[in-house]
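J.: Please read through the structure below; I'll follow up with questions.
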Amino acid sequence: ERGKEIIANSSIQVLLKQAPASIEKIGQVFNLSQGERRLLLTAGLGQGLFFAGSTHVAMRVIASPEEHELITSNPAELLARQNS
């Protein structure tokens, strides 16, 4: 119940990929269409839904090269950085 209060007080929300076990509850809370539920189950890295009021739109977040370098947790990239 507290989570619903937080959501209700947020002017914008972002949902990224969701686990199959949670998609029904999330779908109910956010009033998602079947297409939006499918999107959240199959979303790739940085893909999801953006909510502003009652408007839902698909989105993709693309980090700049500088942002990517700061935030990556990819083990291969981190190892390559250590070895250079």
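J.: Above 19 angstrom, tally the Cα pairs of the chain and express them as a % of all pairs, no decimals.
T.: Tail of the P(r) past 19 Å holds 50 percent of the pairs.
J.: Can I ask one more? What's the carbon and sulfur percent of region 15-84's accessible surface, probe 1.4 angstrom, rounded to a whole number?
T.: 58
J.: So, one more: Suppose all protein chains stay in the model; what accessible area per residue would a 1.4 Å probe give for the chain, in Å²?
T.: That works out to 76 Å² per residue.
J.: Viscosity 1.002 mPa s, temperature 20 °C: Stokes-Einstein D of region 17-59 from its Kirkwood Cα radius, in µm² per second?
T.: Rounded, D is 206 µm²/s.
The values are calculated or read from the model by the stated rules, or taken from the named source; none is laboratory data. Note that the coordinates shown come from a computational prediction; the quantities given were computed from them, not determined experimentally. Ligands, DNA and RNA are stripped out before the accessible areas are found, and what is left, the full protein with its side chains, is counted by its heavy atoms. Shrake-Rupley method; radii C 1.70, N 1.55, O 1.52, S 1.80 Å.
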